[in-house]
Amino acid sequence: MTGMPMKESIFLLLVLFCSQIASQEAILRASNGSTFREYCLVFNSSWSNISDSLRAAVGYPLVNLTSSQLCSADLVTTGLAKGQAVVVMDGGCKSSQKALVAQDLGVSVLLIASNSNLELPSANDSKNNKVKIPLALLRYRDLLDALQVFPQGMEVRLYAPPVPAFDASIILMLLIAVFTVTMGGFWSGAAEKAKQEAGPSSELCEGQGDSSELSLYSPLKVLIFVAMMCVMLVLMYFFYKWLVYVIIVIFCLASASALYNCLDSLMTAVGCGTLSVSCHERSVSVRSLLLAAVCITLPVIWGVYRNEDRWIWILQDLLGIAFCLNFLKTISLSNFKICVILLSLLLLYDVFFVFITPFLTANGESIMVQVALGPSGGGGGKSGRVFVPADPSPYEKLPVVMRIPQFSAVAQNLCMMQFSILGYGDIIIPGLLVSYCHKFDVWTGNSRRTYFICSAVAYAVGLVVTFAVMLLSEMGQPALLYLVPCTLLSCTALACARRQLRSFWTGPSAPVLDESRKPLLSDGGSGGVGNC
């Protein structure tokens with residue numbers, strides 16, 4: 001009996017790994033001899049039977065009837081298209097009407113060329129039962145390309161590779177997120193330990209302390225911070241096409257600075273020398289110059305090629321990791337009370353803008369999803385119908401997410417690159433709690449880093465739960481809905497078990513904890529050390 005939950009868990013994982021879902025995008029393979037081209041198709045899998053593999057797909061000669069919309073058989077010569085694949089123009093009547101006309105003419109496959117977005121064909125139930133031939137939509141520009149490549153005619157095959165419910169990109173995303181949160185928390189705690197070892201006297205003598213660190217210590221500041229996030233998201237929704245360029249510029253500047261800080265700290269940690277050069281009584285660090293050149297060049301490259309989806313995601317994720325790491329190092333939460341307030345408010349923020357706003361927007365799309373993917377990012381509206389942009393030209397997207405292409409979505413990537421995404425907020429917000437936990441370990445002299453390890457593991461578990469729910473529900477999820485409870489409850493339970501909840505809640509106090517410790521805060525913050 002005790003082994004049953006483990007068996008059920010393994011079985012569920014096997015189901016997720018092995019199960020496949022029906023695709024609504026298909027591939028049109030046009031060929032003539034050894035030359036072939038593949039194009040995107042959109043079809044309704046509930047009433048168009050298309051082979052799931054190229055080997056099983058039947059080849060048909062393609063007849064170009066784009067001079068007709070095929071709303072009536074009157075203009076088509078009898079027998080011209082019998083047993084063949086026919087392509088006609090969109091418009092004039094519904095897709096189901098075209099399919100019924102083509103079926104009466106003996107057509108084997110009907111393709112509808114469109115100059116507009118490829119929306120999923122639909123029809124009422126009575127017509128669904130009457131349509132027996134495959135029907136799919138393709139871009140008119142793709143048809144023109146095929147006619148140019150195969151001027152002597154072509155054979156076409158339609159197939160729709162099934163999409164595995166589980167994609168390997170999720171594993172890679174999980175590793176990136178956990179690595180970023182763990183390293184950000186570790187870096188923040190290590191900086192706090194170095195500051196303690198240096199002592200407050202050195203900071204006062206240098207007159208700087210840690211000027212790069214910003215602390216959220218007031219509930220009012222937290223409320224203002226969350227309110228600003230809400231306002232910014234709403235502004236991005238209504239003024240996306242203008243503000244997106246502002247965000248792009250800010251991202252380039254911030255990621256360049258963050259990457260420099262990360263690489264400079266890494267090189268210092270491994271003992272790399274600075275090699276200073278004197279010029280006109282001024283000393284210039286060669287290492288700083290080289291790092292600055294690299295850290296400016298990479299964001300510039302990203303800015304120039306930001307819409308090259310095939311490869312630019314690697315550079316964007318690299319810059320995003322640096323940005324999140326530097327943010328976790330720079331922003332500090334003063335105590336667990338502030339952590340609870342911030343994470344709880346942002347949990348409500350995430351849920352509202354993902355689950356509630358679809359009832360308030362005209363197209364039925366959530367504000368969070370629309371801003372994250374961009375207005376032309378594809379997807380469904382109120383009807384949930386999939387569409388593919390007619391013009392595959394790049395559109396501007398916000399650089400606020402980690403993006404990894406879905407490796408198994410062959411047909412979808414042909415229509416438009418499909419990505420697994422995770423917002424920076426889903427890394428940074430729980431990461432602030434992980435950073436606080438590591439600092440608390442430093443403050444209390446806990447060499448085992450119990451709170452740090454517990455919070456990092458809780459984040460990983462919460463992210464696994466997020467992805468599992470996403471796979472089972474087949475829809476995007478607000479990650480903070482699962483990450484916040486996992487991390488907050490785990491840390492609270494640990495603090496109670498160690499009888500340190502009071503000190504964990506209030507944070508460090510000015511009095512020295514023991515005779516070997518330095519004062520923890522120069523301003524004598526409120527709260528004291530106590531037991532749960």
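Things worth noting here:
- Contact annotation: residue pairs with Cβ atoms under 9 Å, 6 or more positions apart or on different chains, pairing a residue in region 91-104 that is within 13 Å of Gln69 (Cβ to Cβ) with a partner that is assigned to a helix (DSSP H, G or I) and not hydrophobic (A, V, I, L, M, F, W, C), are Gly92/Lys98; Lys94/Lys127; Gln97/Lys127; Ala99/Lys127; Ala99/Lys130.
- Out of Ile321, Ile314, sole residue that is crowded, with 19+ Cβ neighbours inside 10 Å and over 17 Å from Leu233 (Cβ atoms): Ile321
- Only residues that are among the polar types (S, T, N, Q), assigned to a loop (DSSP other than H, G, I, E, B) and either touching a Gly at 6+ places or on another chain (Cβ under 7 Å) or over 27 Å from Phe355 (Cα atoms) (or both) were counted in region 445-490, giving 2.
- Among the residues listed as Ala194, Ala258, the single one being at negative phi and at pLDDT 95 or above: Ala258
- The residues in region 69-89 that are crowded, with 18+ Cβ neighbours inside 10 Å and either on the phi < 0 side of the Ramachandran plot or under 40 Å from the mean Cα position of the chain (by Cα) (or both) can be counted, and the count is 8.
- Residue, surrounded by the most Cβ atoms within 10 Å (Cβ to Cβ), within region 149-168, restricted to residues that are under 12 Å from Asn64 (Cβ atoms) and not β-branched (Val, Ile, Thr): Met154
- None of Val294, Val304, Val284, Val300 is assigned by TED's automatic domain parsing to the domain that holds Gly184, in contact with a strand residue (DSSP E or B) (Cβ under 8 Å, 6 or more places away or on another chain), surrounded by fewer than 16 Cβ atoms within 10 Å (Cβ to Cβ) and not polar (S, T, N, Q) except Val284.
- Residue count, region 54-102 (criterion: modelled with pLDDT of 85 or more, farther than 23 Å from Arg139 by Cβ and of a type in the set (Gly, Ala, Ser)): 2
- Restricting attention to region 96-108 and to residues that are in contact with a Leu (Cβ under 9 Å, 6 or more places away or on another chain) and surrounded by fewer than 24 Cβ atoms within 10 Å (Cβ to Cβ), the residue that is farthest from Ser45 (Cα to Cα) turns out to be Leu105.
- From the list Val388, Val434, the lone residue that is in contact with a Phe, Trp or Tyr (Cβ under 8 Å, 6 or more places away or on another chain) and either over 27 Å from Glu308 (Cα atoms) or touching a residue at least 40 places away in the same chain (Cβ under 8 Å) (or both) is Val434.
- Considered as a group, the residues in region 38-47 that are under 22 Å from Asn115 (Cα atoms) and surrounded by 20 or more Cβ atoms within 10 Å (Cβ to Cβ) include one that is modelled with the highest pLDDT, and that residue is Tyr39.
- Selection count, region 443-462, where residues are of a type outside the set (S, T, N, Q) and either free of Cβ contacts under 8 Å to residues at least 40 places away in the same chain or touching a strand residue (DSSP E or B) at 6+ places or on another chain (Cβ under 8 Å) (or both): 6
- Some residue of region 309-317 being more than 19 Å from Leu422 (Cβ to Cβ) and either modelled with pLDDT of 95 or more or not assigned by TED's automatic domain parsing to the domain that holds Cys486 (or both): no
- Single residue of region 328-344 satisfying the filter (of a type in the set (A, V, I, L, M, F, W, C) and surrounded by fewer than 20 Cβ atoms within 10 Å (Cβ to Cβ)) that is modelled with the lowest pLDDT: Ile331
The values are calculated or read from the model by the stated rules, or taken from the named source; none is laboratory data. The shown structure was predicted, so the numbers you read here are calculated from the model rather than taken from an experiment. Virtual Cβ from ideal backbone geometry, glycine too; neighbours counted across all protein chains shown.
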